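Remarks on the structure that follows.
The values are calculated or read from the model by the stated rules, or taken from the named source; none is laboratory data. All values reported here derive from a predicted model rather than from experimental measurement. As a convention, Cβ positions derive from the backbone with ideal geometry for all residues, glycine included, and neighbour counts pool all protein chains shown.
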Amino acid sequence: MLASAQTDKPGCKEVEPAYMNRMPGFYLQNCEFSEYKDIEFFYHGLDGNSVRVRKAGEYRRLSYSKDKNETRKFSGDQIRLNYANAITKIKGKSLSNKNTFFTYSNNGNVVFMSIDDAVDSDDQGFLITIIEEKSMKQDIIMTMQEAIENEGKATIYGILFDVAKSTIKPESDIALKQIADYLNKFPEVKIIIVGHTDITGSFQNNITLSKERAESIKTYLITKGKIDKSRLQSDGVGPLCPVSTNSTDDGRKLNRRVEIVKL
């Protein structure tokens, strides 16, 4: 007599993307979901070299286990190739030489997906992690005026850059407008824009990057915010002034910031 089929953990079916089915005979043993999370992916690229890349957005983590009644024997290679073929069919692509990391598009958003633990000849379970790039909804609001009056500075987290670059992303406009609005409201105020990084990478590169990002913000405020350049200075201190631990993703995320200091 067959045992009862094993079923998804309550609530996990809703976490699984509606556009993606699953391997037959597998159920969701566990899952995680966050509206926004910043994570680091690790994989081997098409050339075999190790790659680490950070992505942020809507987060899903799906842990699949094989039902004990399933008689088919799926290898890890078979599971990974199934996902690779399906993603290629929708014009996505595999970025890994072992089909463990992919990118594709969903509703105009760029999606990154990894597969872990699909390696055995009769695989009993595997893990899928998905980041769909989306801007974080800002729920906590403190005006720059309040922050600067209380602390002499304001910490800004909504100014975004590509990894290791100083080009400002378009979704940074809201945070940059907040700075420009404050400076236009108080035309006598002068500020220094200070860039901060986490500890990832070389010290000197982080110092240089933080300075370049602060300078990019200064240029934005002059050209688009119409702020007189005599009111603005910029500098960067790299990882020298952390506000949290650099040992966790969440801590490093807090350390990557811009501060506006009143002169």
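Return yes when Leu209 is assigned to a helix (DSSP H, G or I), at pLDDT 95 or above and either in contact with a helix residue (DSSP H, G or I) (Cβ under 8 Å, 6 or more places away or on another chain) or of a type in the set (S, T, N, Q) (or both) and no when it is not. The answer is no for Leu209.
Scanning the stretch 126-145 for residues that are loosely packed, with under 15 Cβ neighbours inside 10 Å and either under 13 Å from Tyr64 (Cβ atoms) or touching a helix residue (DSSP H, G or I) at 6+ places or on another chain (Cβ under 7 Å) (or both) turns up just one, Gln145. Comparison of Thr155, Thr129, Thr167 shows that the only residue that is closer than 30 Å to Arg72 by Cα, of a type in the set (Ser, Thr, Tyr) and either at pLDDT 90 or above or not assigned by TED's automatic domain parsing to the domain that holds Pro17 (or both) is Thr129. Of all residues in the stretch 77-116, those satisfying the criterion of being surrounded by fewer than 20 Cβ atoms within 10 Å (Cβ to Cβ), out of contact with any helix residue (DSSP H, G or I) (no Cβ under 8 Å at 6 or more places or on another chain) and over 23 Å from Gly57 (Cα atoms) are Asp77, Gln78, Leu81, Asn82, Asn85, Lys89, Asn97. Candidates in the stretch 243-253 are the residues that are part of a helix (DSSP H, G or I) and in contact with a strand residue (DSSP E or B) (Cβ under 9 Å, 6 or more places away or on another chain); of these, the one that is surrounded by the fewest Cβ atoms within 10 Å (Cβ to Cβ) is Asp250.
Among the numbered conditions (1) among the charged types (D, E, K, R); (2) modelled with pLDDT of 95 or more; (3) in contact with a strand residue (DSSP E or B) (Cβ under 9 Å, 6 or more places away or on another chain), the only one that Lys89 does not meet is (3).
Are any residues in the stretch 146-171 part of a helix (DSSP H, G or I) and surrounded by 16 or more Cβ atoms within 10 Å (Cβ to Cβ), and if so, which ones?
Ala147, Ile148
One residue stands out among those in the stretch 170-184 that are charged (D, E, K, R) and within 29 Å of Glu40 (Cα to Cα): the one that is modelled with the lowest pLDDT, which is Glu171. Here the condition is being at pLDDT below 95, in the same structural domain as Asp122 (by TED's automatic domain parsing) and of a type in the set (Lys, Arg); of Arg54, Arg61, it holds for Arg54 alone.
One line per residue, one yes/no per condition, for (1) in the same structural domain as Arg22 (by TED's automatic domain parsing); (2) polar (S, T, N, Q); (3) free of Cβ contacts under 8 Å to residues at least 12 places away in the same chain:
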residue	(1), (2), (3)
Lys66	yes, no, no
Glu70	yes, no, no
Lys73	yes, no, no
Lys89	yes, no, yes
Asn99	yes, yes, no
Gly108	yes, no, yes
Val111	yes, no, no
Ala118	yes, no, no
Asp139	no, no, yes
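Where strands (runs of 3 or more DSSP E) fall wholly inside the stretch 1-110, the ranges with 1 or more residues that are aromatic (Phe, Trp, Tyr), over 19 Å from the mean Cα position of the chain (by Cα) and over 30 Å from Asp250 (Cα atoms) are 26-44.
Would a scan of the stretch 182-197 turn up a residue that is touching a helix residue (DSSP H, G or I) at 6+ places or on another chain (Cβ under 9 Å), surrounded by 16 or more Cβ atoms within 10 Å (Cβ to Cβ) and in a helix (DSSP H, G or I)? Within the stretch 182-197 (the criterion being touching a helix residue (DSSP H, G or I) at 6+ places or on another chain (Cβ under 9 Å), surrounded by 16 or more Cβ atoms within 10 Å (Cβ to Cβ) and in a helix (DSSP H, G or I)), the answer is yes, since at least one residue qualifies.
The requirement of being under 17 Å from Phe161 (Cα atoms), of a type in the set (A, V, I, L, M) and more than 21 Å from the chain's Cα centre (by Cα) is fulfilled somewhere in the stretch 195-212, by at least one residue.
Sort through Pro187, Pro170 and tell me the only one that's under 24 Å from the mean Cα position of the chain (by Cα) and not hydroxyl-bearing (Ser, Thr, Tyr). Walk me through how you get there before you give the answer.
Numbers: Pro187 fails: under 24 Å from the mean Cα position of the chain (by Cα).
Answer to the selection: Pro170.
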